[in-house]
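See structure below.
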2 protein chains.
Amino acid sequence: MKKQMNDFVEKVITFLGFLWRAVWKVGREDPRRVIHSLKVGTALTLVSLLYLMEPLFKGTGENAMWAVMTVVVVLEFTAGATLSKGLNRGLGTLLAGSLAFFIEYISDASGSIFQAVFVGAAVFLIGSAATYMRFFPLIKKNYDYGVLIFLLTFNLITVSSYRVENVLKIARDRFYTIVIGCGICLLMSLLVFPNWSGEDLHNSTIFKLESLAQCVESCVNEYFGTAELEATKYNSSEDPIYEGYKTVLDSKSIDETLALQASWEPRYSRCCHRYPWQQYIKVGATLRQFGYSVVALRGCLQTEIQTPRPIRALFKDSCIRLGKEVSKVLKELSDSIRNNHHFSPGVLSDQIQEALQDLNSAIKSQPRLFLGSKYSQTAKIVQESAVHLEEKHEGDSGVLSPSTEANSATVLGLKTRSTSGEQPKEGEQKVLRPQLSKIASTSLEFSEALPFAAFASLLVEMVAKLDHVIEEVEELGRMAHFKEFRDGDEIV
Amino acid sequence: MKKQMNDFVEKVITFLGFLWRAVWKVGREDPRRVIHSLKVGTALTLVSLLYLMEPLFKGTGENAMWAVMTVVVVLEFTAGATLSKGLNRGLGTLLAGSLAFFIEYISDASGSIFQAVFVGAAVFLIGSAATYMRFFPLIKKNYDYGVLIFLLTFNLITVSSYRVENVLKIARDRFYTIVIGCGICLLMSLLVFPNWSGEDLHNSTIFKLESLAQCVESCVNEYFGTAELEATKYNSSEDPIYEGYKTVLDSKSIDETLALQASWEPRYSRCCHRYPWQQYIKVGATLRQFGYSVVALRGCLQTEIQTPRPIRALFKDSCIRLGKEVSKVLKELSDSIRNNHHFSPGVLSDQIQEALQDLNSAIKSQPRLFLGSKYSQTAKIVQESAVHLEEKHEGDSGVLSPSTEANSATVLGLKTRSTSGEQPKEGEQKVLRPQLSKIASTSLEFSEALPFAAFASLLVEMVAKLDHVIEEVEELGRMAHFKEFRDGDEIV
C-alpha cells in the first residue's frame, strides 16, 4: 500500500517535472511570450472591472460582456495583428449596424409575418454575399476578419430587431463597449511592452541572411573536409546545414503574414515615409532562390560517387575562399540591414571577383586537368558562341562593348592572370553577373574532376544569385532610407 | 449637363462590368465557392428561425443569439475545418463552464468585496495561463480555437456570475443553443454538397505531380529547343515553368493545414483504417526536394553562357528521352494516386535505367568529347575511390556485392552497352539510387561541353530524387491500402 502510494507520488513528480520543463522551454524560446500572457491577463482583469465595479457597471450594464469578448478575440501577440483585428472589428460592426438599421427601417412599417419573411430573406442574401466576398483575394488578405464580424453583427442586430423594440439603443451601447474593449487592447499592445511584427520581420530577414552565410561556409568546408562524409539521410532533422536553409525555404507564408501585420503598424521613422515591408518580402523571395542553390550544392555532398579527394584537394583553397567570400557578403548584408546603413557595393564585388579569378587560375594551373585549345574545332565553336553571346549582351546593356575581345578570350581560357587583374577597374556592379557566368564556363574547362565540375558550377551559379540578393537589399536600403555608407568603413 | 450624366452612367456601367467580371472570376475558379456561400446563407436563415418563429423562440429565447454566432464563426469551407472548429468550440465551452462553476462555487460563500477580488484574480490567472498555453506547439496546432473559446466562455460566465443569480440556467441554455448552432453547421458541411479537405489535399498532390512532370519536360525541351532562348527574368510571373514549380515549392503551409483539417474528417474506406494524411505531407516534402532540382535545372537555361548548340545537339535525343521518362514516371505516380492503385515499380525503373544508359552511351559515342582512360594516374584514383565506395555500399545494404566489379567498370567508363543491358535483371528498386549516381559520374567524363555537364548532372541528380518520391508514394499506397497493381497493365 505504501509502495503504491510512493509509486504514484513518484509518477506525479515525474509528470510535474516534465510539464515544468515544457513550460520553461516555451518561455525560454521567446520570453516575450510570458510578457504577452501577463498582458492578456491584465487586460481581461481591467475589462472585468466594467462588470465588477458598481459605478462602471451602471454605465455599461450587461453590454460589458461585449468588451470582454472583444479583448479575448482582438488582443494578439504583435501590435500589428491587434491593430488589424481591432480596426477590422470596429469597421465591420459599424457597417453592419448601419445596414441592419436600414433594413429594419424598411421592414418595420409592414406586418409581423411580412417582416419575418423580409428578415429571413435579408439574412440569406447578406449571408451568402458576405461569404462569397471572403473568397476575393484582396478581401481575404486584409479584411477577412472584418467581413466575419460584419456578418455576425448584422445577423445579431437584424434578428433581434424582430423581437426587441429599442435595438438602436442596445446596438449603440454595444458599440461603445466594443470600442472600450478595443481601446484596452490597443493600449496594452501599443504601449505596454509592445511586440512589433515589423521588428520580427526585420530580425527574421537578418537571421535568414546569417544562416545562409553559415550554410554556404559549412557546405564548402564539408566538401573539402578531412572527415569522411557520412551518408546522412537527405532530410535528417539534426543536420545544421539542413536546419539553416530550411528556415529560409519555409519562410514564405510567415513572412507574408508578418509583412501584412507590419503594414498596419504605425512606424516612427525619420522621414515620415512608409516603411517598405513589401521589399522585405522581395528580399525573402531572392533569399529563397539563393536557398535553392544551397540545396543543390548540398546535393553534391550527398551523391554516392564523389570526385576523389586528391583531385578535390587541388581546388580546396580557392573554393573555400570563394565560399568564405560569399558568406562574408551575406554577413555584410545582414549587418547592413541590422544597422540600417548602406553597404559598400564596390568592396563586395571586388573581393568576390578576386576569389572567382583565384578559382579560375587554380583550375588552369592544373595542366593534366585542363584541356585548353587542344581541340581546335570545338574551340572555334565555343568562340563563335561566345562572340554571339557578347553581341547579345552588348545589345542588352551596352556596358560590355569595350571588353568584348578580352572576355571572349576568357571564355576560351586563354586569358592570363595579369589581364584579369585589370578587370575590377570596370567597377560597375551591374556587370558582375555576366562576368560570373563567363568565369563559370571558363572554370569548367577541365575533364577528370567532373562531379567537382557540378559543384563548382553550382558555387558560381550561387554567386550569380547572390547578385540578385544584393540588388534587392540595395533597393531595400534605398526605400527605407538607410544611413549613407560611411567612408571610414571602406577598404581603400 | 446631359453629357455629364452620360459620362457618369458610362462610368457606373464600366465599374459594374468590372465588378461582375471579378465576381465571375472568383466563382469560375472554383464553383464550390458559390455553393458554399449559398450554404452559409441557408444555415443562417435556418438558425434565424429560432428567433423568428414563435414556438421555437419560446424554447430558446434570447439565447438564440448564440446559435447565430456559432453558425457565423464555425461554418467553414471544408468539412474538416468545420468539424475541427465545432468540436473545439463545444469542448472549450464545456470545460470553461465547468471551471467557471467551480470557481463560482468557491467564491459564492464569501462576501461581495472578497468575491469581486477573487473573480478578478481568477480572470487574471486563467487568462494568463490559457494565453501561455496557446504558445505550445501541439496546442497551437490542434486546439488554438478551443482555448480561445474556453477563455471567452470562462470570462463571460465568471464575470456575469457576479451580478446574475441563475448563471447555471443561462449557461445551460446557452450551451444548448451553441449545440444547435454546431449541429446546423455540421449538417450543412457534412451532408449538403460537402467539401473535403482530404480530397483537396489528394487532388493538390496529383496536381503537383502533374505540374512537375510538365516542368521537367518543358525544361529539357527548352534547353534543346530550336528557338533562341530569351533572357527572361528569373522569377517572371508569366513563365509556365516557373508557375509549375512555384506551386510545389510554396505548398508546405497549405498542405499542412489541409492535412490537419483532413485528420478531423470521418473517412469512409474499405478497411476502416485511418487515412494516412501525414504521408501526403511527406510526399509533398519529397516533391519540394525534387522541385529544388527543377529550379536548379531551370537555372541552366538561364545562365548567360551556354554550351554551343552543335555540341548540345549531340545529346539532344537521349536527354529528351530521359526527361520524357522522368515526366512519364511522375505522371504514372499521379495516376496511381488518382486511381488509388499501386504502380508497377519494375516498369518505372527499367525504362529510366534504359534512358540513363542511352544518355551514357550517347556521351561515350562522341570520341572527341570523351577522354576515357587517357590519364592513367587519375583513372587509378577514380578506380580506388569507386572500389572504396562500393565497399561502403556493400556494408550499408549488402545488395550490391555481386556487381561490384561491373560497377567500378561503369565508373571508369569502360563498360559496354551489352554488359549494361544485363543490369535491369537485378530488379530491386532499392538499388536504383546508387546506380544512378554511378551513371552520373560516368556521364560526366567528357570535357568540352561543361555547362552541359552541369545540366546533365542535375538531370541525373533529379532522377535520384525521383527515387525518393517513388518511395514515399509507394509508402502512401501501402498505408492507404491502394488496390493491387493489375497484371494486365504490366509491360512484359
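Points to keep in mind about this one:
- Residues considered: A:ILE320, A:ILE241. Of these, the only one that is open to solvent by 30 Å² or more (accessible area, probe 1.4 Å) and either modelled with pLDDT of 75 or more or not in a loop (DSSP other than H, G, I, E, B) (or both) is A:ILE320.
- Single match in B:ALA121, B:ALA130 (criterion: assigned to a helix (DSSP H, G or I), free of Cβ contacts under 8 Å to residues at least 60 places away in the same chain, surrounded by fewer than 19 Cβ atoms within 10 Å (Cβ to Cβ) and within 12 Å of chain A (Cβ to nearest Cβ)): B:ALA121
- Qualifying position, being open to solvent by less than 20 Å² (accessible area, probe 1.4 Å), of a type in the set (S, T, N, Q), modelled with pLDDT of 75 or more and over 27 Å from B:ILE254 (Cβ atoms), among A:SER293, A:SER336: A:SER336
- Flag if B:THR93 is open to solvent by less than 60 Å² (accessible area, probe 1.4 Å), out of contact with any Lys or Arg (no Cβ under 9 Å at 6 or more places or on another chain), at pLDDT below 90 and not small (Gly, Ala, Ser): no
- For the range A:96-116, the tally of residues that are open to solvent by 20 Å² or more (accessible area, probe 1.4 Å), modelled with pLDDT of 85 or more and touching a helix residue (DSSP H, G or I) at 6+ places or on another chain (Cβ under 9 Å) stands at 1.
- Tally of residues being surrounded by fewer than 16 Cβ atoms within 10 Å (Cβ to Cβ), touching a Leu at 6+ places or on another chain (Cβ under 9 Å) and among the aromatic types (Phe, Trp, Tyr) across the range B:17-67: 0
- Selection within the range B:168-197 - touching a residue at least 60 places away in the same chain (Cβ under 8 Å), more than 14 Å from B:THR42 (Cβ to Cβ) and open to solvent by 70 Å² or more (accessible area, probe 1.4 Å): B:LEU168, B:TYR176, B:VAL179
- Those helices (runs of 4 or more DSSP H) lying entirely in the range A:18-85 with at least 2 residues within 10 Å of another protein chain (Cβ to nearest Cβ) and touching a residue at least 12 places away in the same chain (Cβ under 8 Å): A:32-52, A:64-74
- With respect to the conditions (1) over 23 Å from the mean Cα position of the chain (by Cα); (2) small (Gly, Ala, Ser); (3) at pLDDT 85 or above, A:SER197 lacks only one, and its number is (1).
- Among the candidates B:GLY61, B:GLY80, residue that is at positive phi and either among the aromatic types (Phe, Trp, Tyr) or at pLDDT below 90 (or both): B:GLY61
- The set of residues in the range A:207-224 being surrounded by fewer than 18 Cβ atoms within 10 Å (Cβ to Cβ) and either β-branched (Val, Ile, Thr) or not in a helix (DSSP H, G or I) (or both) consists of A:PHE224 alone.
- Scanning the range B:143-165 for residues that are more than 8 Å from every other protein chain (Cβ to nearest Cβ) and either open to solvent by 40 Å² or more (accessible area, probe 1.4 Å) or of a type in the set (Phe, Trp, Tyr) (or both) returns B:TYR143, B:ASP144, B:TYR145, B:PHE150, B:PHE154, B:GLU165.
The values are calculated or read from the model by the stated rules, or taken from the named source; none is laboratory data. Note that the structure is a prediction, hence the values are computed from the model and not measured. Reconstructed Cβ throughout: ideal geometry from the backbone, glycine too, with neighbour counts over all protein chains shown. Just the protein is used for accessible areas: all its heavy atoms, side chains included, with ligands, DNA and RNA removed. Shrake-Rupley method; radii C 1.70, N 1.55, O 1.52, S 1.80 Å.
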